[in-house]
Amino acid sequence: MEVAKEIIKEVISKNLDIEKLSSISINTFHIADFGCSTGPNTFVAVQTIVEAISKKFETDLSNSHVLEFHVFFNDRTSNDFNTLFAFLPPQRQYYAAGVLGSFYDRRFPKASLHFAYSSCTLNWLSEIPKEVIDDHLSPAWNKGKILYYGDKKEVFNAYALQFAKDLDSFLLFHLCLIVLTTLLILLYLRWNFWVLAS
């Protein structure tokens with residue numbers, strides 16, 4: 001998480017255009033965490049985001065602009081939102097709301113978010129590729145396994161195609177949600193290193 005925190009701070013510091021944001025006169029800054037899960041990492045990430053954005057506003061604007069934060073925690077309906085909200089930090093600097101449903105579908109109105117964040121969400125496919133589970137009829141049949149172990153190129157290609165479809169879907173639904181002057185940060189673990197897309 002420490003590496004991710006530094007990436008988040010750097011991206012916000014270098015890329016968030018406070019002047020353009022202040023020109024549209026916002027009082028509430030909307031943040032979404034897609035694929036929040038229930039653990040403490042989501043709270044660490046959100047706190048890092050809120051602090052980095054607050055610092056950016058203080059640094060870039062000469063006036064004392066008071067900004068409130070509203071964070072939307074999104075995950076699949078099977079996520080334990082009761083646990084998530086039971087462990088919300090009591091001294092947090094933001095209002096919190098849960099948004100249930102797949103992060104691969106659209107969950108917000110257009111241009112309603114100022115910042116979107118997702119960590120490791122893209123490691124989860126929306127579904128197992130049908131070719132992999134198609135019993136003996138497909139060259140990509142994976143003998144009942146849902147993981148790819150490197151033995152068949154057809155299995156790899158089926159998972160790669162599903163990942164590409166899911167990524168297209170994720171970006172299609174989420175890029176239209178972001179106010180044009182703000183950021184979408186995607187972090188995902190690939191083998192042994194973090195990958196950033198912003």
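Things worth noting here:
- Here the stretch 61-101 is the region considered, the condition is being β-branched (Val, Ile, Thr) and touching an Asp or Glu at 6+ places or on another chain (Cβ under 9 Å), and the residue that is farthest from Lys20 (Cα to Cα) is Val99.
- Any chance Tyr94 is modelled with pLDDT of 95 or more, surrounded by 13 or more Cβ atoms within 10 Å (Cβ to Cβ), out of contact with any Leu (no Cβ under 7 Å at 6 or more places or on another chain) and not charged (D, E, K, R): yes
- Residue within the stretch 113-120 that is within 24 Å of Thr83 (Cβ to Cβ), touching a residue at least 40 places away in the same chain (Cβ under 8 Å), out of contact with any Pro (no Cβ under 6 Å at 6 or more places or on another chain) and open to solvent by 70 Å² or more (accessible area, probe 1.4 Å) present: no
- Whether a residue is open to solvent by 10 Å² or more (accessible area, probe 1.4 Å) and in a helix (DSSP H, G or I) was assessed, and Phe72 does not pass this test.
- Check on Tyr148, modelled with pLDDT of 80 or more, more than 21 Å from Thr42 (Cα to Cα) and not hydrophobic (A, V, I, L, M, F, W, C): no
- If you check Val11, Val46 for being open to solvent by less than 70 Å² (accessible area, probe 1.4 Å), closer than 18 Å to Ser112 by Cβ, in a helix (DSSP H, G or I) and of a type in the set (A, V, I, L, M, F, W, C), only one passes: Val46.
- Residue within the stretch 142-155 that is open to solvent by 70 Å² or more (accessible area, probe 1.4 Å) and in a helix (DSSP H, G or I) present: yes
The values are calculated or read from the model by the stated rules, or taken from the named source; none is laboratory data. Keep in mind that this is a model prediction, so the values were computed, not measured. Because the Cβ atoms are built from the backbone with ideal geometry, glycine has one as well, and the counts that use them run over all protein chains shown. Accessible surface is based on the protein model in full, side chains and every heavy atom, while ligands, DNA and RNA are left aside. Shrake-Rupley method; radii C 1.70, N 1.55, O 1.52, S 1.80 Å.
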